[in-house]
């Protein structure tokens, strides 16, 4: 079977204390599954696109749990590489409230995907009939071999005629800005659409503009990129933010509406933005892509877990200005 979109990256087991408890005091943990590229694949499936997620998972109950959750959300796992070695990564999410920020503790060292080597994934077969390939800057940050496979995948995707996107997604706990900058700069040569934040542009590429718009333009010119999307968040409170985005294409800036979001769970919001953006770009409509990306990610803020359990109708209703009265 061919798919509209292929994504590639790690997914982990997420464990969170309930009711704003600290990890040190909790007696139980809520279990979810999350990972940037899988989250994006889920968002696309929920918007009506066919999507497949590529990764390497350990063939044990935790690895199978991740694959089960992906399939439950409508994402194909037929191209996942299974191994009896290594392990599944974990991360612990502690929910905060102002003035205490939420925090993440990773336990992902030696996760199965970090040992994935070039030549293992049959990319030509994976990309046959597909339209789009998406990855993030998290994946190449996992290990030197994961970085090699990321480049291998991007080169194969372009050779197969796919459009490609990268969400910069800098993670300070994975690598230094210098390490990320060197690797991600090389990957830009194989990228059609860059998704990022103003902060990550400065940290990874050392590019600082006087505005979001200038930062996007400077980045596009340095790497000869056609399209850059930047998400814009204002954080007055831990659980209440203003959320919007802009797109830069060939000297033109596109904007969309801002949403005041009451946050239930912000993890995966950027991945939902990527899903909505790709959904619109598959219809060759950049304004629709930006509108859909921001609306989908605004909705994701209201949903527990990393996955965007949304529908296309809900996103379209948001774009038409649906209100907050109860739907019944």
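The values are calculated or read from the model by the stated rules, or taken from the named source; none is laboratory data. Predicted model, so just to flag it, every value in this text is computed and none were measured. Glycine also receives a Cβ, built like all others from the backbone with ideal geometry; neighbour counts cover every protein chain displayed.
Data table
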| read-out | value |
| --- | --- |
| Some residue of segment 300-312 being in a helix (DSSP H, G or I), touching a helix residue (DSSP H, G or I) at 6+ places or on another chain (Cβ under 7 Å) and surrounded by 24 or more Cβ atoms within 10 Å (Cβ to Cβ) | yes |
| Elements of type strands (runs of 3 or more DSSP E) in segment 91-176, at least 3 residues being in contact with a helix residue (DSSP H, G or I) (Cβ under 9 Å, 6 or more places away or on another chain) and over 30 Å from residue 24 (Cα atoms) | 132-136, 163-167 |
| Residue that is nearest to residue 119 (Cα to Cα), among those in segment 43-54 that are in a loop (DSSP other than H, G, I, E, B) and touching a residue at least 60 places away in the same chain (Cβ under 8 Å) | 49 |
| Filter result for residue 51 (surrounded by 21 or more Cβ atoms within 10 Å (Cβ to Cβ) and farther than 30 Å from residue 129 by Cα) | no |
| Residue count for segment 156-174, restricted to those that are surrounded by 20 or more Cβ atoms within 10 Å (Cβ to Cβ) and either out of contact with any strand residue (DSSP E or B) (no Cβ under 7 Å at 6 or more places or on another chain) or within 16 Å of residue 144 (Cβ to Cβ) (or both) | 1 |
| Residue match in segment 137-144 (condition: buried (at least 22 other Cβ atoms within 10 Å of the Cβ), within 19 Å of residue 3 (Cβ to Cβ), in contact (Cβ under 8 Å) with a residue 60 or more places away in the chain and touching a strand residue (DSSP E or B) at 6+ places or on another chain (Cβ under 6 Å)) | no |
| Unique residue being under 30 Å from residue 157 (Cα atoms) and either touching a residue at least 12 places away in the same chain (Cβ under 8 Å) or in contact with a helix residue (DSSP H, G or I) (Cβ under 9 Å, 6 or more places away or on another chain) (or both) when the list is 69, 22, 64 | 69 |
| Count of residues meeting criterion [out of contact with any strand residue (DSSP E or B) (no Cβ under 6 Å at 6 or more places or on another chain), in a loop (DSSP other than H, G, I, E, B) and in contact (Cβ under 8 Å) with a residue 24 or more places away in the chain] in segment 189-223 | 1 |
| Among (1) over 19 Å from residue 158 (Cα atoms); (2) modelled with pLDDT of 95 or more, the one test that residue 97 misses | (2) |
| Residues of segment 54-72 that turn out to be surrounded by fewer than 20 Cβ atoms within 10 Å (Cβ to Cβ) and over 22 Å from residue 122 (Cα atoms), as a count | 6 |
| Residues within segment 280-289 that are out of contact with any strand residue (DSSP E or B) (no Cβ under 8 Å at 6 or more places or on another chain) and either crowded, with 24+ Cβ neighbours inside 10 Å or not in a helix (DSSP H, G or I) (or both), tallied | 3 |
| Residue 34 vs. criteria touching a strand residue (DSSP E or B) at 6+ places or on another chain (Cβ under 7 Å) and on the phi < 0 side of the Ramachandran plot | yes |
| Residue 40 vs. criteria in a strand (DSSP E or B), modelled with pLDDT of 95 or more and buried (at least 17 other Cβ atoms within 10 Å of the Cβ) | no |
| Top-ranked residue of segment 77-86 - restricted to ones that are assigned to a strand (DSSP E or B) and over 22 Å from the mean Cα position of the chain (by Cα), ranked as surrounded by the fewest Cβ atoms within 10 Å (Cβ to Cβ) | 82 |
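Let's see how each residue does on (1) under 28 Å from residue 71 (Cα atoms); (2) modelled with pLDDT of 95 or more; (3) surrounded by fewer than 23 Cβ atoms within 10 Å (Cβ to Cβ):
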{"site": "242", "(1), (2), (3)": "no, no, yes"}
{"site": "249", "(1), (2), (3)": "no, yes, yes"}
{"site": "255", "(1), (2), (3)": "no, yes, yes"}
{"site": "291", "(1), (2), (3)": "yes, yes, no"}
{"site": "295", "(1), (2), (3)": "yes, yes, no"}
{"site": "327", "(1), (2), (3)": "no, no, yes"}
